[in-house]
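Below is one structure; the comments refer to it alone.
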Amino acid sequence: MNIGVVIDNELNDDKRVLREIQILKEAGYGIFVLCFGFKNRNYKTVEGINVTRIRIRKKLKDVIFFFLNLIPAYEWLWSARIKEFIEANRIDFLHVHDLYMSKAGRTGIEKSGKNIPMILDLHENYPFAVTTYNWTKGFLRTLISRPSAWQKKEKEYLDYADGIIVLSDDFRDALTERYPELRKKRFTTLPNYPEISPGEPDKRVTVKINIDKSKTVVFYFGVVAERRGVFDVIDVFRQLAKENHPSAFLVIGPVDKKDRDRFSSAVNSELLTGRIFYIPWIDLSELSSYLDIADICIAPFHKNPQHESGVANKIFDYMLGKKPVIASDCKPQKNLIEKYRCGIVYSNPDEMKSAIIKLSADANLRAGMGENGYRAILKELNTATLRDNLLRIYSI
C-alpha cells in the first residue's frame, strides 16, 4: 500500500513527521511525500522515501498563507498539487499534517477521482495557537488573517478526515466534548516521543559559548517568544542576578520578530551580562552537546489551550539528556513530570525561582530526577511504544 504524506514545510527538520514515516516504512508501506522546497535551498535525501517538492519562494508562501481566510489561494495551490501527487504515485491513503491542510487534502482526493481515506495529523490546537502568533496581531493583520475564523471552521475541517491523530488524550477528549459527533474511535494519540537508537553514539561538537563553570546552567531550547514564557524566565534571572545567585540562562532558538528588540535589550543589559547566553540556531544533531553543559532544563510555556494540547518535543529531549525539568503547570507536562518524578512544576514566577534555587543547590536531586526521566524514555516514552497506535489508524 502506498501512503501519501502531505506537509506544508520542508520535511527534513520535522522530527515528528520523520518519526512517523520511519514507523510506516518499517511496516512495509511505500512512502511518498509532498512538501515545500524553498528556492535556493538544497535538501538532503531522506532514505527510502520518494519526495516531491513544490518549489516556491518562502516569502511568497508566507504571503499566500497569510491571506488564506480571505482568498483561499493556498488551498487552491495545494489541492491541485495533491491531485497530481495522488495520480502520479498511485496513492492508497493520504496522511495530511495540520488542520488548515485538511480541506485541500480532501479536495485533492475528490479531484483525483479516487475514493481513498484521509488521515489528519494535528500537531497543535491550531484554532487557538494561530491567535497567539505575532503575524496575526494588530488591527490590519487581524482583519486580513482573521485568526478567529478557525474556531468556526474547526469542525468542518475535522470532518474532512476519516481518522484523526492528536498529541494527547486530553486534546482528544476536549475535541470530542466540544463536538460529540466525533467518536473517540476516529482518534489515535501519538505524543512527541523521541526515537531511541541503541548502540548509535550521539554526535558531539564543540559548543559555541563559554559559561563560568561555577554557575548552574538553566537551558531553554526552542522558539523565543512571549507565549513561550521565555521573558518570565528572564525576569526571574533579573531577581537572581540582584541576589548574586550562581546561575546562568542559556537560550538556543530563533526569536519571534515582534519580540526581537525586547529580547536583545535583555540579553545585552548590564545586569544580565554573564547571566544570559544566546545562540540563534544549532543543528538538531548538536543538541546533545549543549545538554551536556546544562544542569537544568526549563519549559516555561504559558498555560493556554494550545499548550494544554500535548507535551512539546523539547521536554522529551530534556529527559533523554538526563536533565531535570522545571516546567509551568500546563496539564499534559505537569502530569508527565509528576508521574515520572523527573522535575519540578511551578504555577507562578516565585515558584519558578524557588525551583531554580532548589535544584541549583542539590546536585544529587538533579541527578536523580534526570535519571528518572531518562529511564522513562527508555522503558515507555519512545516511538517503539507508539508503533501499534499509528498502524491501527490505517485499519479504518
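The values are calculated or read from the model by the stated rules, or taken from the named source; none is laboratory data. Computed from a predicted structure; not experimentally measured. As a convention, Cβ positions derive from the backbone with ideal geometry for all residues, glycine included, and neighbour counts pool all protein chains shown. Accessible surface is based on the protein model in full, side chains and every heavy atom, while ligands, DNA and RNA are left aside. Shrake-Rupley method; radii C 1.70, N 1.55, O 1.52, S 1.80 Å.
Can you confirm whether Ala248 is open to solvent by less than 20 Å² (accessible area, probe 1.4 Å), of a type in the set (Gly, Ala, Ser) and either in contact with a Ser or Thr (Cβ under 8 Å, 6 or more places away or on another chain) or within 15 Å of Ile296 (Cα to Cα) (or both)? Step through it out loud before you land on a result.
Values: open to solvent by less than 20 Å² (accessible area, probe 1.4 Å): yes; of a type in the set (Gly, Ala, Ser): yes; either in contact with a Ser or Thr (Cβ under 8 Å, 6 or more places away or on another chain) or within 15 Å of Ile296 (Cα to Cα) (or both): yes.
The answer is yes for Ala248.
Quick one: is Ile209 at pLDDT below 90, closer than 25 Å to Ile296 by Cα and open to solvent by less than 40 Å² (accessible area, probe 1.4 Å)?
On the way: at pLDDT below 90: yes; closer than 25 Å to Ile296 by Cα: yes; open to solvent by less than 40 Å² (accessible area, probe 1.4 Å): yes.
The answer is yes for Ile209.
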- Working only within the range 229-259, note down all residues that are at pLDDT 95 or above, in a helix (DSSP H, G or I) and of a type outside the set (Val, Ile, Thr). Phe231, Asp232, Asp235, Phe237, Arg238, Gln239, Leu240, Ala241, Lys242
- Query: Is there any pair linking a residue in the range 126-153 that is on the phi > 0 side of the Ramachandran plot to one that is of a type outside the set (Lys, Arg) and surrounded by 14 or more Cβ atoms within 10 Å (Cβ to Cβ), with Cβ under 9 Å and at least six apart or on different chains, and which?
  - Reply: Arg146/Leu68; Arg146/Asn69; Arg146/Thr136
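Yes/no matrix, rows are residues, columns are (1) touching a Gly at 6+ places or on another chain (Cβ under 9 Å); (2) closer than 23 Å to Thr136 by Cα; (3) assigned to a loop (DSSP other than H, G, I, E, B); (4) without any contact (Cβ under 8 Å) to a residue 12 or more places away in the chain:
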site	(1), (2), (3), (4)
Asp8	no, yes, yes, no
Ile23	no, no, no, no
Phe32	yes, no, no, no
Ile71	no, yes, yes, yes
Tyr74	no, yes, no, no
Ser79	yes, no, no, no
- Query: Which condition breaks for Ala161 when tested against (1) out of contact with any Leu (no Cβ under 6 Å at 6 or more places or on another chain); (2) at pLDDT 90 or above; (3) in a loop (DSSP other than H, G, I, E, B)?
  - Reply: (1)
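Where in the range 261-342 are there strands (runs of 3 or more DSSP E), lying wholly inside it, with at least 1 residues that are at pLDDT 95 or above, buried (at least 16 other Cβ atoms within 10 Å of the Cβ) and in contact with a Ser or Thr (Cβ under 8 Å, 6 or more places away or on another chain)?
Values: elements: 276-279, 296-299, 325-328.
Those strands (runs of 3 or more DSSP E) span 296-299, 325-328.
May I ask you to verify whether Thr142 is within 24 Å of Lys331 (Cα to Cα), of a type in the set (S, T, N, Q) and open to solvent by 20 Å² or more (accessible area, probe 1.4 Å)?
On the way: within 24 Å of Lys331 (Cα to Cα): no; of a type in the set (S, T, N, Q): yes; open to solvent by 20 Å² or more (accessible area, probe 1.4 Å): yes.
No; evaluated as a whole, the condition is false for this residue.
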- Query: Which residue pairs have Cβ atoms under 8 Å apart, sit 6 or more places apart or on different chains, and have a first residue in the range 160-187 that is open to solvent by 20 Å² or more (accessible area, probe 1.4 Å) and a second that is assigned to a loop (DSSP other than H, G, I, E, B) and among the β-branched types (Val, Ile, Thr)?
  - Reply: Asp162/Ile396; Arg186/Ile396
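Just to check your reading of the model, which residue among Tyr346, Tyr374 is under 19 Å from Phe221 (Cα atoms), open to solvent by 10 Å² or more (accessible area, probe 1.4 Å) and without any contact (Cβ under 8 Å) to a residue 24 or more places away in the chain?
Just one listed residue meets the conditions, Tyr346.
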- Give me a count of the residues in the range 81-103 that are buried (at least 18 other Cβ atoms within 10 Å of the Cβ), of a type in the set (A, V, I, L, M, F, W, C) and free of Cβ contacts under 8 Å to residues at least 60 places away in the same chain. 1
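Could you check how many residues of the range 46-75 are over 27 Å from Pro147 (Cα atoms) and in contact with a strand residue (DSSP E or B) (Cβ under 8 Å, 6 or more places away or on another chain)? Even if it seems obvious, please write down each step before you answer.
Keep residues of the range 46-75 that are over 27 Å from Pro147 (Cα atoms), which gives 46-53.
Next, from what is left, pick out any that are in contact with a strand residue (DSSP E or B) (Cβ under 8 Å, 6 or more places away or on another chain): 46, 48-53.
Total meeting the criteria: 7.
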